[in-house]
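The values are calculated or read from the model by the stated rules, or taken from the named source; none is laboratory data. Only a predicted model underlies this, so the values are computations on that prediction, with no experimental measurement involved. All Cβ positions, even for glycine, are placed from backbone atoms using ideal geometry, and neighbour counts span all protein chains on display. For the accessible areas, the whole protein counts, side chains as well, though only heavy atoms, and no ligand, DNA or RNA atoms are used. Shrake-Rupley method; radii C 1.70, N 1.55, O 1.52, S 1.80 Å.
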Amino acid sequence: MPAEAPPAAPRPDAIDRQLRAEHPQQFVAPPDTPQTRLAKGFAEAHAAARPKWFEAARIELWSAPNDPKRICRIITATGEYCIDMPDKGNLTLNLDTRSGYAGFGGGTAAPCPIRF
């Protein structure tokens, strides 16, 4: 009698495809890479320095986020100042004789107050 041939072994790529189909994985980038650390460092350094004379001024909210009286800090190449925007919902300002469309809502520039 002839000897039976051993069963053919499956190909390695077929095994790999079968295992990948059974166990799908989601590939995500690691949260902390050298490139992200470098970009974060550059962004922090840019925020710490004043803009150059050819760059646009940076504007940031200086007051508390829930404060109706908004204070915006403007940082330019020549210095920094704050603009105080009045609360448009305040009735005491709206009842004033000078309050009208033309006399209400303009911001006033002043030195920045101490941060809360």
Output wanted: per-residue J couplings in Hz (rounded whole) for the stretch 76-82, from phi through Karplus 6.51 cos²θ - 1.76 cosθ + 1.60, θ = phi - 60°, x for Gly and Pro. 10, 5, 8, x, 9, 8, 10
Order these peptides, 48-59, 76-87, by their mean beta-carbon neighbour count within 10 angstrom, highest first. 76-87, 48-59
FRET E, pair D67, T108, Förster distance 22 Å, beta-carbon r, rounded to 0.05: 0.85
Per residue, how large is the accessible surface of the stretch 1-77? Use a 1.4 angstrom probe and give square angstrom. 92
Can you work out ³J(HN,Hα) from phi for every residue in the stretch 46-57, in order, using Karplus 6.51 cos²θ - 1.76 cosθ + 1.60 and θ = phi - 60°, giving whole Hz and x for Gly and Pro? 5, 6, 6, 8, 6, x, 6, 5, 9, 9, 6, 5
